[in-house]
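A short worksheet on the structure shown next.
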Amino acid sequence: MLQSPPPGARPGSFLTITFCLACRSLMPRTLDSQITVEKTPSYFVTKEAPRRIFNMSRDTKLIVVVRNPVTRAISDYTQTLSKKPDIPTFEGLTFRNRSLGLVDTSWNAIRIGMYAVHLESWLQYFPLSQIHFVSGEKLITDPAGEMGKVQDFLGIKRVITDKHFYFNKTKGFPCLKKSESSGLPRCLGKSKGRTHVQIDPEVIEQLRDFYRPYNIKFYETVGQDFRWE
Ligand SMILES: Nc1ncnc2c1ncn2[C@@H]1O[C@H](COP(=O)(O)OS(=O)(=O)O)[C@@H](OP(=O)(O)O)[C@H]1O
């Protein structure tokens, strides 16, 4: 639930993110001054999600964080590998036939990065003006700038600004100067921003070639160049 703080509210008391299914009855009740936010990474690539969310509320605003799909696939694999060390190599999972350059689009780590394909399903229900894309790269280099655009998209005052972030050299990422709960500095957890598995540069090149047409289509559709080349 994201709420514009009522006058006199405690600073920092306005942001709570609730996880639940896209089901109105499970959503917290809100005041007119509040916005309910539901965050589930898999929605963007779930076939039934656009129709279900549209049927729940056609005015829903959608926010999608996207990053270079090649980096995204390696990040995804790194995360899975940390939980299941016995899985095949990245190369083994990426290709149906490596010498022919045939990429396995049924592997989720690959499929999710085909943003243009997934976006098509959403555009059958929602106009582009109701969808905001956050650059995953800029979220790291300029978190306040990206958060500013999110707040504008939501039509709320820019409350989160530069003042809220600092760059943590040890973590190598921006962190919050003050957490909402403790008031102490807070970075994201260990599972965010971990060192990626080393991948053969040739495989990376093949994946860049694979994603190029999808990326171009995506830039054209959203009218924004994410510069993933
Ligand atoms: N401030 C800050 N701190 C740490 N990490 C940051 C931050 N901003 C963005 N990122 C990037 O977020 C990536 C992890 O997000 P995920 O999409 O995997 O999260 S989630 O599973 O959807 O919750 C994570 O990906 P990896 O680097 O591959 O771990 C980060 O690159």
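Where a number appears in this text, it was derived from the coordinates with a stated rule and is not lab data. The structure displayed is predicted, hence computed values, not measured ones. Quick reminder, even Gly has a Cβ in these numbers, built from the backbone with ideal geometry, and neighbours come from all protein chains shown.
Observations
- Only residues that are surrounded by 11 or more Cβ atoms within 10 Å (Cβ to Cβ) and of a type in the set (Gly, Ala, Ser) were counted in the stretch 173-182, giving 1.
- Sub-7 Å Cβ pairs linking a first residue in the stretch 147-165 that is free of Cβ contacts under 8 Å to residues at least 24 places away in the same chain and buried (at least 17 other Cβ atoms within 10 Å of the Cβ) to a second residue that is aromatic (Phe, Trp, Tyr) and not in a helix (DSSP H, G or I), at least 6 apart or interchain, number zero.
- Residue that is farthest from the ligand (Cβ to nearest atom), among those in the stretch 29-54 that are surrounded by fewer than 11 Cβ atoms within 10 Å (Cβ to Cβ) and over 18 Å from VAL134 (Cβ atoms): ASP32
- Here the stretch 72-83 is the region considered, the condition is being touching a His at 6+ places or on another chain (Cβ under 7 Å) and of a type outside the set (A, V, I, L, M, F, W, C), and the residue that is farthest from the ligand (Cβ to nearest atom) is THR78.
- Those residues of the stretch 168-206 which are more than 20 Å from the chain's Cα centre (by Cα) and of a type in the set (A, V, I, L, M, F, W, C), in sequence order: LEU184, VAL197, ILE199, VAL203, ILE204
- Among the residues making up the stretch 133-157, those that are under 22 Å from ASP59 (Cβ atoms) and either of a type in the set (D, E, K, R) or in contact with a Lys or Arg (Cβ under 6 Å, 6 or more places away or on another chain) (or both) are LYS149, GLN151, ASP152, LYS157.
- Candidates in the stretch 62-71 are the residues that are surrounded by 19 or more Cβ atoms within 10 Å (Cβ to Cβ) and within 14 Å of VAL45 (Cα to Cα); of these, the one that is farthest from the ligand (Cβ to nearest atom) is PRO69.
- Looking across GLN130, GLN124, one residue alone is touching a residue at least 40 places away in the same chain (Cβ under 8 Å), more than 22 Å from THR36 (Cα to Cα) and either in contact with a Lys or Arg (Cβ under 9 Å, 6 or more places away or on another chain) or small (Gly, Ala, Ser) (or both). It is GLN124.
- Among the residues examined, TYR115 qualifies as under 22 Å from PRO143 (Cβ atoms), surrounded by 13 or more Cβ atoms within 10 Å (Cβ to Cβ) and within 16 Å of the ligand (Cβ to nearest atom).
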